[in-house]
Amino acid sequence: MYYRKFVSLVMAIIFVLVSLGLASAKSISTATDQHRLDSIEPLDLAVLIQDDLVSQVSNELGVTRDFIRSLPTGSRVMVGYITAGSLQVRQPFTSDLDKAARSLRMPLSSASSAPYNPYVEVREALKKFQDNGGNEKAVLLVSDGLDTSRGFDSTAAGHTLDLERVIKEAQRRNVSVFSFYAPSVGLTSHNHLAASYGQSSLNRLANETGGKAFFQGITGFVTFDSYFRQLRETLNRQYAKAA
């Protein structure tokens, strides 16, 4: 009798473990499917990171590398940093996605690296796209979006001269700009109005170039996990291969 009870208990435990294993495998499979981008057309993608963003952005390098490596075969990636009024290209456009992913570094997270205006450098990056390239073209801009180069003026939020220029340049070159909002170590990390102005500019840039802006509130820092999930969903819709 005790033997039968023991066998029944062992069989019950095995059944539970197998069930959990199958559920886990299904979850992993679903997550993997959600991260697939091989159903979209190849992209020429410029990944641009503002260098004075808060240090928590460094924790997101892993998911950013994973995203670059998940791009479809034939894609080309450039990696650049917007720092102290200049564009630092860490990796020119390359089809070696692993090489591009490995070129990412931690942002300096220092006020001395503040660009004061990210849009001048974004416009500079746009000029590095090939005019006759066959791939779709896009920018992933990680920035606080705030332009303080001509003062902190509420009437200019979302309508600064350099923002207007970069929108026109992106439209002329058929480049869609997608943006992730993250606060900088300066104003946007403690001033809600500044954060709101920056997000307004990023949103306008994305909307008028065929991209999309991603942000969640104006306080603190949110990880990029949900941003990348939404970005993949957007890319799968926007750049799906023709049937």
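Give the Cα extents of segment 38-238 along the principal axes, in whole Å, largest first.
Principal-axis extents of segment 38-238 (Cα, largest first): 43, 34, 29 Å.
Which of 53, 97, 116 sits farthest toward the positive end of the charge dipole of segment 38-238, with +1 on the Cβ of Lys and Arg and -1 on the Cβ of Asp and Glu?
Going by the charge dipole, the pick is 97.
How much net charge surrounds residue 81 when only other residues with a Cβ under 13 Å from its Cβ are counted (Lys, Arg +1; Asp, Glu -1)?
-2
Averaging sequence separations of C-alpha pairs under 8 Å and six or more residues apart, then dividing by the length of segment 38-238, give the relative contact order as a whole percent.
It rounds to 23 percent for segment 38-238.
Using a simple charge model, +1 on the beta-carbon of Lys and Arg, -1 on the beta-carbon of Asp and Glu, nothing else, what dipole does segment 43-157 show about its Cα centre, in debye to the nearest 20?
Using only the charged Cβ atoms, the result is roughly 340 debye.
Would you list 93, 214 from fewest to most Cβ contacts within 10 Å?
The most exposed by this proxy come first: 93, 214.
Which entries in 137/212; 128/241; 168/212 show an alpha-carbon gap greater than 22 Å?
On the way: 137/212 14 Å; 128/241 25 Å; 168/212 16 Å.
Checking Cα-Cα distances, 128/241 exceed 22 Å.
What's the Kirkwood radius of segment 67-109 in Å, using all Cα pairs?
Working: mean 1/r = 0.0911 Å⁻¹.
So the Kirkwood estimate lands at 11.0 Å.
For a footprinting-style exposure proxy, rank 99, 137 by other Cβ within 10 Å, fewest first.
Sorted ascending by nearby Cβ count, the order is 99, 137.
How much net charge surrounds residue 94 when only the other residues with a Cβ under 13 Å from the Cβ of residue 94 are counted, with Lys and Arg +1 and Asp and Glu -1?
Neighbour charge sum, excluding residue 94 itself: +3.
Using modelled backbone amide H atoms (1.01 Å from N, in-plane), which distant-in-sequence or interchain residues come within less than 5 Å of residue 76's amide H?
43, 44, 45
Since every read-out is calculated from the coordinates, none of them should be taken as a lab result. All of these numbers come straight from a predicted model, not from anything done at the bench. We place every Cβ from the backbone using ideal geometry, glycine too, and count neighbours over all the protein chains shown.
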